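One structure is given below, encoded as structure tokens.
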Amino acid sequence: MKGAGALAFFAAGLVCDVCAAPKLTVERIALHQFEDGALLDRAYEFLPGETAYFSCRLTGYRIQTLDDGTQNAKLSWRMEVRDPAGALLEPPAQGRIDAEIFPEDTDWLPKFLKSFVVPSFAISGEYRVSVHVVDEVASGEGSGEVSGELKFRVKGQALDQTSMLTARNVVFLNGEDDALGTRAGIYHPGGIARVRMDVSGYKFGDGVREKNRFSISFGMALENAQGEQLFSQPDAGNQTDESFYPQRYSTGILTLNLDKNLPADSYTLVVTVNDKIGGQSYEVRAPFRVE
């Protein structure tokens, strides 16, 4: 009886080991500055226009033995990258891993790589890469699917929480190559006044065919220190564009040719921003001096 009991216990343990099928698991997901480069620290911030390289490594996959004795692994994956508002940066990516497994591949783990570009007009905040992987060999057995997520940060444009049309970061430029600008512009008679601003809060077109289309226009007027209008140009410029990823802000630059006989004094450049799709308007009053 004592021996029979030990045999029964051993048999039960053997059955449990056989039934314990491996469970598909995301072993590691990471971002890199270049393909197969070093893993980036969580504190790293991507910049607009930068390319990110993503890798995902899996374990717990099932191996299929074919009639000719060869073995292989078959997995399919889908990946999405979304911004802080949940918008996709690009269409979802998908692919398959179909690899023959040899006896010496005892440490081999399936992996897939995918690069994506942070949009040039990306907003600041926390972004997410999500993946879903299906083990086609173990499909239907309850352990053949797994999902994973990786968060990363982008240092882009900071937007106001308001959804109304607005213009921010209004600065005068000292020339075409001036990247910083100044709040209080100083120009000379006969010179060119340039003003730059970031416009946000405009509405996008509805419907799939319009692909996040926006359309804004600018009007421009010049006032003297007494508030008298000296010049007006209702159609000073416009911007219309569309893209897969929604462009939530647009940078506008307007130029004003100053008359060579313009007296030295304080002036105000009045810019009217019009949202053609949303029917909104916003006025910017930018003071400057002529000396």
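The values are calculated or read from the model by the stated rules, or taken from the named source; none is laboratory data. For clarity, every value in this text was computed on a predicted model and none was experimentally measured. Cβ placement follows ideal geometry from the backbone for every residue including glycine, while neighbour counts extend to all protein chains displayed. In case anyone asks, the SASA skips ligands and DNA or RNA and just uses the protein heavy atoms, side chains included. Shrake-Rupley method; radii C 1.70, N 1.55, O 1.52, S 1.80 Å.
Which residue is surrounded by the most Cβ atoms within 10 Å (Cβ to Cβ), if the candidates are limited to region 150-164 and must be in contact with a Ser or Thr (Cβ under 7 Å, 6 or more places away or on another chain) and touching a residue at least 60 places away in the same chain (Cβ under 8 Å)?
If we take residues in region 150-164 being in contact with a Ser or Thr (Cβ under 7 Å, 6 or more places away or on another chain) and touching a residue at least 60 places away in the same chain (Cβ under 8 Å), then 156 is surrounded by the most Cβ atoms within 10 Å (Cβ to Cβ).
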message = Of all residues being closer than 16 Å to residue 162 by Cα and touching a Phe, Trp or Tyr at 6+ places or on another chain (Cβ under 6 Å) in region 248-291, which is least open to solvent (accessible area, probe 1.4 Å)? Just the residue, please.
response = 275
ask   = Right, residue 63: among the aliphatic types (A, V, I, L, M), open to solvent by 40 Å² or more (accessible area, probe 1.4 Å), more than 30 Å from residue 155 (Cα to Cα) and modelled with pLDDT under 95 or not?
value = yes
ask   = Say we look at region 83-112 and pick out the residues that are charged (D, E, K, R) and farther than 16 Å from residue 29 by Cα; which of these is least open to solvent (accessible area, probe 1.4 Å)?
value = 83
request  = Mind counting the residues in region 197-213 that are open to solvent by 50 Å² or more (accessible area, probe 1.4 Å) and in contact with an Asp or Glu (Cβ under 9 Å, 6 or more places away or on another chain)?
outcome  = 5
query = Within region 261-270, is even one residue touching a residue at least 12 places away in the same chain (Cβ under 8 Å), under 24 Å from residue 177 (Cβ atoms) and not aromatic (Phe, Trp, Tyr)?
reply = yes
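Is region 21-29 home to any residue that is open to solvent by 30 Å² or more (accessible area, probe 1.4 Å), under 21 Å from residue 156 (Cβ atoms) and touching a Phe, Trp or Tyr at 6+ places or on another chain (Cβ under 8 Å)? First the steps, then the outcome.
Residues of region 21-29 open to solvent by 30 Å² or more (accessible area, probe 1.4 Å): 21-23, 25-29.
So of that shortlist, the ones also under 21 Å from residue 156 (Cβ atoms) come out as none.
So far as region 21-29 goes, no, none of its residues is open to solvent by 30 Å² or more (accessible area, probe 1.4 Å), under 21 Å from residue 156 (Cβ atoms) and touching a Phe, Trp or Tyr at 6+ places or on another chain (Cβ under 8 Å).
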task = Output the residues belonging to region 158-182 that are modelled with pLDDT under 90 and not aliphatic (A, V, I, L, M).
result = 160, 161, 162, 163, 174, 175, 176, 177, 178, 181, 182
inquiry  = For the condition open to solvent by 20 Å² or more (accessible area, probe 1.4 Å), at pLDDT 95 or above, farther than 25 Å from residue 41 by Cα and not charged (D, E, K, R), what is the one hit in 76, 139, 130, 143?
reply    = 76
inquiry  = Residues to consider are 216, 186; find the one that is on the phi < 0 side of the Ramachandran plot and open to solvent by 50 Å² or more (accessible area, probe 1.4 Å).
reply    = 186
ask   = When residues of region 31-47 are filtered for being surrounded by 10 or more Cβ atoms within 10 Å (Cβ to Cβ), in contact (Cβ under 8 Å) with a residue 40 or more places away in the chain and more than 24 Å from residue 84 (Cα to Cα), how many remain?
value = 1
inquiry  = Please go through (1) free of Cβ contacts under 8 Å to residues at least 40 places away in the same chain; (2) open to solvent by 80 Å² or more (accessible area, probe 1.4 Å) for residue 171 and return the number of the only condition it doesn't satisfy.
reply    = (2)
query = What pairs can you find where one residue is in region 69-97 and free of Cβ contacts under 8 Å to residues at least 24 places away in the same chain, the other is outside any loop (DSSP other than H, G, I, E, B) and of a type in the set (Asp, Glu), and their Cβ atoms are less than 9 Å apart, with a gap of 6+ or different chains?
reply = 92/80; 93/80
